[in-house]
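The values are calculated or read from the model by the stated rules, or taken from the named source; none is laboratory data. These numbers come from a predicted model, not from an experiment. Here Cβ is always computed from backbone atoms with ideal geometry, including for glycine, and neighbour counts include all displayed protein chains.
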Amino acid sequence: MPNFSLQFWHVWPHLDALFQGALLTIALTAQASAFGLVASLVGAYALMSGFKPAATLARAYVEVIRNTPFLVQLLFIYFSLPTIGIQVTANQAALMTMIMNFTGYTIEILRGGIQSIPATQLDSARSIGFSKVQTFIFVVAPQAVRNTYPSLTSQFSLLLLGSSVVSAISAEDLTAAANYIQSLNFRSFEVYLVTAGFYLALTALCRITFAAIWRMTFHRWE
Amino acid sequence: MEVIVRYLPSLGISAGITLMLFLVPAIMGAILGLLVAVMRTARSVVLRELGRMFIFVIQGTPALLLLFIVHYGMATLGVRLAPALSAAVALSLYAAGFLGEIWRGAIEAVPRPQWEAAKSLGFGRTQALLLLIAPQAIWIALPATVGFLVSLMKVTSLAAIIGVVELTKSGMVIANMSFEPMLVYGLIAAIYFAMCWPMSLLSRHLEKAQHATR
């Protein structure tokens, strides 16, 4: 017989576990986005470089990542690496897969951002004696990030939400904490509902953080 | 290699389950999503806000958690569904949230004067929406809709976590039995790729076609 009386008080004693999980979710997302951003700038550069093999490789990477499920990528990394002698913990595998996955989406976004930079800027950078690499780091990369900031922000939110899947390989994120709590108190509906609230709050936090970063950095250029 | 040959029939069957987990939510999600899009563009504030709330919650919650709430959560409340049914329900809601938002954008992207023109010809709001706005909105929404179907196909893999034996789950089982995780997960990824890539290409092609006509 369905019984829809909700008993949220079973959740409150376990809030600290949820906060712990949320911390790892935040840490994973922050690290994956930082490393992923750098990796995807390199990827975008490769995609646009005249060097054919690098461009093809970057293209293939983007297509493979975008057209396969995150869970399968995660399982592949976590269970395949030990077979070639690389031992990784669940959390490490989670971080690696998140970086790889995130990169597949942001390469394409950043490429668009790089292409929107006028060629004259590259010429002026060269004319004041910047090397190719310097031009990329000081002229191209910051503007590429600024030009694509809204798309990047939504990718960060998607990364945050997608990270819940890492609980499947027993990484100890927010969703894993929820799984653990509901195994103790058997109030899965309430536990998952509160967890969903956590994720909503985290995405809101993510938006606020990015708006703040925007104000502190790129906004000053205007 | 022997592993692949031995398990190919069971992979075929589970690929069929994945396809069902894709098709049913795609259709149910389309119906629900249409409702949400119409609500979002309705004149009533209450309907608009309800639609907005629905999209906000669905898009702000991980798809996996949606599956957990429908499968484990509802079971706590006494509504026990089979894993595959739970997955279909959760994925339908997921699809409705995203398609609803895509289609709302498309309806609003149809230029305002089109509504006024319809009104001046004596069309009612519903008539205008169905006969004039919808055909244009469908064209506008097509690339993003196909693009979302790729996401939906990938998200079906999460059903493995609540125990539906679809492609990913049978990959997990076979990888465990054969001790060849790299080979098996590589193959599973390749099968997903074969199902997703054509849709990705189609989405990109449609997008280009639209830029050409505008």
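Some observations on this one:
- Taking residues in the stretch B:93-120 that are farther than 26 Å from B:PHE54 by Cβ, and partners anywhere that are not aliphatic (A, V, I, L, M), the pairs with Cβ atoms closer than 8 Å and at least 6 places apart or on different chains are B:GLN114/B:GLN136; B:ALA118/B:GLN127.
- For the stretch A:118-138, a residue qualifies if it is β-branched (Val, Ile, Thr) and either more than 20 Å from A:ALA39 (Cβ to Cβ) or within 24 Å of the chain's Cα centre (by Cα) (or both), and the qualifying residues are A:THR120, A:ILE128, A:ILE137.
- Scanning the stretch B:42-80 for residues that are touching an Asp or Glu at 6+ places or on another chain (Cβ under 8 Å) and surrounded by fewer than 20 Cβ atoms within 10 Å (Cβ to Cβ) gives a single hit, B:GLN59.
- Leading residue by the ranking (surrounded by the fewest Cβ atoms within 10 Å (Cβ to Cβ)) among those in the stretch B:149-186 that are within 8 Å of another protein chain (Cβ to nearest Cβ), without any contact (Cβ under 8 Å) to a residue 60 or more places away in the chain and under 25 Å from B:GLY33 (Cα atoms): B:VAL150
- A:LEU184 in a helix (DSSP H, G or I) and either buried (at least 18 other Cβ atoms within 10 Å of the Cβ) or within 12 Å of another protein chain (Cβ to nearest Cβ) (or both): no
- Considering B:GLY97, B:GLY105, the condition of being surrounded by fewer than 18 Cβ atoms within 10 Å (Cβ to Cβ) and in contact with a helix residue (DSSP H, G or I) (Cβ under 9 Å, 6 or more places away or on another chain) is satisfied by B:GLY105 alone.
- In summary, A:ALA94 fulfils each of the numbered conditions (1) under 24 Å from the mean Cα position of the chain (by Cα); (2) modelled with pLDDT under 95; (3) of a type in the set (Gly, Ala, Ser) with the single exception of condition (2).
- The residue pairs whose first member lies in the stretch B:197-214 and is under 17 Å from A:VAL64 (Cβ atoms) and modelled with pLDDT of 90 or more, whose second member is among the charged types (D, E, K, R) and part of a helix (DSSP H, G or I), and whose beta carbons are closer than 7 Å, counting only pairs six or more residues apart or on different chains, are B:TRP197/A:GLU63; B:SER200/A:ARG66.
- Subset of the stretch B:59-92 [at the interface with chain A (Cβ under 10 Å from one of its Cβ atoms), within 18 Å of the chain's Cα centre (by Cα) and either outside any helix (DSSP H, G or I) or in contact (Cβ under 8 Å) with a residue 40 or more places away in the chain (or both)]: B:GLN59, B:THR61, B:PRO62, B:ALA63, B:LEU64, B:LEU67, B:PHE68
- Restricting attention to the stretch A:207-222, the residues being of a type in the set (D, E, K, R) and surrounded by 13 or more Cβ atoms within 10 Å (Cβ to Cβ) number 1.
- Near pairs, Cβ below 7 angstrom, 6+ apart or cross-chain, from the stretch B:11-25 (of a type in the set (Val, Ile, Thr)) to any residue that is in a helix (DSSP H, G or I): B:THR18/B:THR156; B:THR18/B:LEU167; B:VAL24/B:ALA88
- The single residue among A:PHE130, A:PHE76 that is outside any helix (DSSP H, G or I) and either at pLDDT 95 or above or more than 21 Å from A:GLU172 (Cβ to Cβ) (or both) turns out to be A:PHE130.
- Of the residues making up the stretch A:156-170, those that are in contact (Cβ under 8 Å) with a residue 60 or more places away in the chain and either in a helix (DSSP H, G or I) or among the aliphatic types (A, V, I, L, M) (or both) are A:PHE156, A:LEU159, A:LEU160, A:GLY162, A:SER163, A:SER164, A:VAL165, A:VAL166, A:ALA168, A:ILE169.
- Test: residue in the stretch B:134-145 that is within 14 Å of chain A (Cβ to nearest Cβ), crowded, with 18+ Cβ neighbours inside 10 Å, within 18 Å of the chain's Cα centre (by Cα) and assigned to a helix (DSSP H, G or I): yes
- Restricting A:ALA177, A:ALA204 to those that are closer than 24 Å to A:ASN101 by Cβ and buried (at least 23 other Cβ atoms within 10 Å of the Cβ) reduces the list to A:ALA177.
- A single member of A:THR217, A:THR148 is of a type in the set (Ser, Thr, Tyr) and either modelled with pLDDT of 90 or more or within 18 Å of A:PHE102 (Cα to Cα) (or both), and it is A:THR148.
- Residue count, the stretch A:58-87 (criterion: away from chain B (no Cβ under 13 Å) and free of Cβ contacts under 8 Å to residues at least 24 places away in the same chain): 1
- Test: residue in the stretch A:59-70 that is assigned to a loop (DSSP other than H, G, I, E, B), modelled with pLDDT under 95 and in contact with a helix residue (DSSP H, G or I) (Cβ under 7 Å, 6 or more places away or on another chain): no
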